[in-house]
Structures are given as C-alpha cells and as structure tokens.
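The values are calculated or read from the model by the stated rules, or taken from the named source; none is laboratory data. Worth saying up front: this structure is predicted, and the values here are computed from it rather than measured. Glycine also receives a Cβ, built like all others from the backbone with ideal geometry; neighbour counts cover every protein chain displayed.
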Amino acid sequence: MELASYSDYAVRLVNTEEPARNKDTLTSVEAVRELFGGSQQAARRATEADVTRFRSVRARLRAVFEAADDGDETLAVDLLNSLLLEFPVSPQISGHDFRDEDGRPDWHMHLADHPSNATAGYAAIAAMGLAFHLTGHGVDRLGLCEAAPCRNAYLDTSTNRSRRYCSDRCATRANVAAYRARKREEADRTGRSAETAQPSTAVTDR
C-alpha cells in the first residue's frame, strides 16, 4: 500500500465534525470503530475513553488543514510534526498480496497498528499518512471545502491543483449558488437601468 494513502485516515476523522453546522458524529465507541474501516483488530481496542481522545486528535488534525488552507506552510508542518512526535509509527514489511504465479510475495510497507490504545494507533497512522501526502504532493494539496458552511477537509489529487470542494455535491451546490447570485445581480442592474431610462415628467405652473 502506498503510504500516502493512509492520509485518508486524517480526512475521515476531521470530517466527523462540521463546526459551522454544529454537527458531530463522533459520539460513541461505535463511531470510533467505524473510522478504522477494515482494520477490525485495531477497532476492537476502542473504549469509551477513546471518544474524547479522538476528538482531541481531530481538532489538531483540522488545525493542520486550516493552516494549509490559509497558505501557512510552516505552521501546517509544525502542527503535523508535533503529532508525529507524540504518536510515532511502527513501519512493517507486509506481503499479503502476490505478484506472480509462483506465489512470490509482493513486499511493501505498512504502518503497523500501535499496541497501546486505539487513539494512539489511529493518530499515528493518520499523521504519518498526511505527512507522506504533504511531502509528496505539497502543502497546497490539503484543503477545506469552499462551499460554506461545509468546510470539510479534502486532499487535492487533481492534475492541475484545481480542487476547491470536498465532493461533487458541494461543487454543484456552490455553482448553483454562484449562478443565482449572478442572475440577481443582472436583474438588479437591469432594474436600475430601466429606472434611469424613464423620461422625466415636466410640471407646468398655471
């Protein structure tokens, strides 16, 4: 597995909260376990205490995306480095896939689950994945959705660095809103022009 792909762990966690909408889906152990996806062994380690710990890590990861979105590369890197120091990873060679008919393993790198607790394991993988993505593709590839009030995190994988929204749904919503705003502006201009063009009525004293 490409190590940068682990950055999805960070996006998944950050997007459990929508601050502008006052929505938070990270409210139970089950919600924590769902974040692990197919890694059931790691998910089983989650306890009630991890709900609060996950929220803390989530806030720190969002701060990384916010700094990147604001163009503050140094701050984004510093915040991510602090996570990497606190939650170190354990790289591991894996060969669960095969590359030829002889059954020779396709050796590749994995980030091993952290043994202490669910939060430490998830944070370590999310931070390292985000670090690989940042160093491999650039800080400007970390963004927050421009379709207010969404502000979900996303990773820009477009060829021309043009992504601005977290999903097609938000892109469509933003485009529709912009179209309606242009139409209102055009209508206002047309109305003002019509008023200006009306002839004035002369008043004759008798």
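Odds and ends about this structure:
- Any hit, the range 95-111, residues being closer than 30 Å to Gly138 by Cβ, surrounded by 12 or more Cβ atoms within 10 Å (Cβ to Cβ) and without any contact (Cβ under 8 Å) to a residue 40 or more places away in the chain: no
- The one condition from (1) in contact with a Ser or Thr (Cβ under 8 Å, 6 or more places away or on another chain); (2) outside any loop (DSSP other than H, G, I, E, B); (3) at pLDDT below 95; (4) not polar (S, T, N, Q) that His114 does not meet is (2).
- Of all the listed residues (Glu66, Glu30), the sole one being of a type in the set (Asp, Glu) and either part of a strand (DSSP E or B) or over 19 Å from His133 (Cβ atoms) (or both) is Glu30.
- Residues of the range 138-150 satisfying the condition of being surrounded by fewer than 15 Cβ atoms within 10 Å (Cβ to Cβ) and more than 15 Å from Arg62 (Cβ to Cβ): Gly138, Asp140, Ala148
- For the residues Thr172, Thr119, the requirement of being surrounded by 10 or more Cβ atoms within 10 Å (Cβ to Cβ), modelled with pLDDT of 80 or more and within 30 Å of Arg53 (Cβ to Cβ) singles out Thr119.
- Number of the exception - Tyr6 against (1) within 21 Å of Met128 (Cβ to Cβ); (2) outside any helix (DSSP H, G or I); (3) hydroxyl-bearing (Ser, Thr, Tyr): (2)
- Exactly one residue out of Thr159, Thr135, Thr196 is modelled with pLDDT of 75 or more, over 19 Å from Arg62 (Cα atoms) and either in a helix (DSSP H, G or I) or under 22 Å from the mean Cα position of the chain (by Cα) (or both): that is Thr159.
- Taking the range 59-102 as the range and being under 18 Å from Ser116 (Cβ atoms) and acidic (Asp, Glu) as the test, only Glu86 passes.
- Yes/no for Phe36 being assigned to a helix (DSSP H, G or I), surrounded by 18 or more Cβ atoms within 10 Å (Cβ to Cβ), touching a Phe, Trp or Tyr at 6+ places or on another chain (Cβ under 9 Å) and touching a residue at least 60 places away in the same chain (Cβ under 8 Å): no
- Filtered by the rule that a residue be surrounded by 14 or more Cβ atoms within 10 Å (Cβ to Cβ), in a helix (DSSP H, G or I) and either over 22 Å from the mean Cα position of the chain (by Cα) or in contact (Cβ under 8 Å) with a residue 24 or more places away in the chain (or both), the range 69-90 gives Asp69, Glu73, Ala76, Val77, Leu80, Leu83, Leu84.
- Ile93, sole failed condition from (1) part of a strand (DSSP E or B); (2) under 17 Å from the mean Cα position of the chain (by Cα): (2)
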